Structures are given as C-alpha cells and as structure tokens.
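Working notes for the structure below.
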Amino acid sequence: MDAVVGTKPKPFRIRGRSYVAFVFSPVVPILDWLAEVDAALRQSPGFFVGKPVVLDLSAVDLSQNAIAQLVANLEQRDLRILGIEGVDATRLTTSMPPLMMGGRQCVIPNNPPPKKTEAKPKAASLLLDTQVRSGQSVVFPEGDITVVGSVSSGAEIVAGGSIHVYGTLRGRAMAGINGNLSARIYSQKIEAELLAIDGYYLTAEQIDATLYHGPTQVWLAGDVVQITPLN
C-alpha cells in the first residue's frame, strides 16, 4: 500500500492592527461620575455603541468588587469595555476585561522651545479627494486630515491634528485626539452629528442652526468647544 503524502500546512499569518479606543477615567464619587456618563449618552444616543472603551482607574482606588460593579454598570449602558488600565493586576479577575498596558498617553509633553537654528518639522497629513460615505471611518492619529469632498451622515473622521472639509460636513469629526489642544475643524458647510476636539464635544442639538450656511471653524477655548463663522 502506497504511503499517503500529507499536504504541507499553510503558514499561520499574524497581522497587527490598531484601533482608536475611547478612554473613560472615573473619579469619585462614582455615582456622580456615572450620572455625567448618562448625561453624555443622552446627548449622543448610540454614539458609543460598538466602540471600544478603555477604563482608566489610575485616579481612583477601587476594590475588586467595586471594579466588577463599575464594569457591569458601564456594560448595562451598552459600553463595550475593551480593557482596564491604571490598576494592579491582582484586583482583576478572569471574568473582567484584561489589563491594558502600553497605550499612548494623551498628554502634550512640556518640552523646551526649539532653537532658532532648528527647522520645525512639518506635521503629517492625509488627503482624501473623494466623498467620505456613510458608514466609513477614517482614522489618522499622526496629523491633519483634508477632505476635498463632503462627509456623509453616519461617516466618521478622526485626526490627531486638524480636520479640513471643503464640502459639507454631515457626519462626526473628532480632531486633536492625542491631546492637541490647538487642533481645529474647518468646513465649507456644517451639518455635523458631532464635533469634538481633544475629547470635548458638541452634538447636533448644540449647534446653532444659523451656522449651517457658510464656512465655519471649530476650536477649543479651555474646555469649551466653540464654533464660529469663518470670515
């Protein structure tokens, strides 16, 4: 009987892929913080559904039972907890989301100003010369995003720097996601569902309807998102 020659198995391929996750940082009293979460969810119903969330516990000292209860409370609000950071691993159980490490800090380092002889590096940018359609998500944490066309309702633009839309901005735009407080959002016509800079945001209900006609800019003053006509 002839021996059966086995087929060589295909090599198992592992690929790396990164995603933008929202970071929730609770503070005490937890009940008051949860009330603030509820208020944000009411302003943007469905916005966080299906989006990964990392729970940063570095500002609180919670027991194992308190952490489990907090995770359960957030999951009851349809928030998907991808992982937990800022806590000792001994306080997490196997039934909890895993401990996360190595995430990029959203803090602007206090570096000394460059010398006059040093050339200031140019920020990276991403240029999109087509319309961003509903359901599409464009993420570019390294710098600015420029959209020559429009951004449809249900689409999402996420940038580490500023966002420039030469058409109508109807979807969601989040600029300065890595702590860039000077990031701005520019558009020829704004009908956005949500506008955010460095985590501070405005929803469609908070945008003055008189600003829907004509170019506008969105910027951050302290912790308040401002939107004004672009003259």
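We did not get these values from a lab; they are worked out from the coordinates using the rules stated. Source: prediction; values computed, not measured. Cβ sites come from the backbone with ideal geometry, for glycine too, and all protein chains shown count toward neighbours.
Here is how the numbers come out for the structure above:
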{"item": "Simple Cβ-charge dipole of segment 22-91, Lys/Arg +1 and Asp/Glu -1, about Cα centre, in debye nearest 20", "result": "240 debye"}
{"item": "Spin-label model distance (nm) - S63 vs F22, 7 Å beyond Cα toward Cβ", "result": "3.0 nm"}
{"item": "Segment 22-91 shape via C-alpha gyration tensor axes, a/c threshold 1.5", "result": "prolate"}
{"item": "FRET E, pair A72, R42, Förster distance 22 Å, beta-carbon r, rounded to 0.05", "result": "0.60"}
{"item": "Loop sites in segment 131-221: trypsin sites (Lys or Arg not before Pro), DSSP, at most 15 other Cβ within 10 Å", "result": "R133"}
{"item": "Distance (nanometres) between label positions extended 7 Å along Cα→Cβ at L127 and N231", "result": "3.1 nm"}
{"item": "Theoretical FRET efficiency, 1/(1+(r/R0)^6), r = Cβ-Cβ of L34 and A209, R0 35 Å, to 0.05", "result": "0.65"}
{"item": "Summed side-chain charge close to R172 - residues other than R172 whose Cβ falls under 13 Å, Lys, Arg +1, Asp, Glu -1", "result": "-1"}
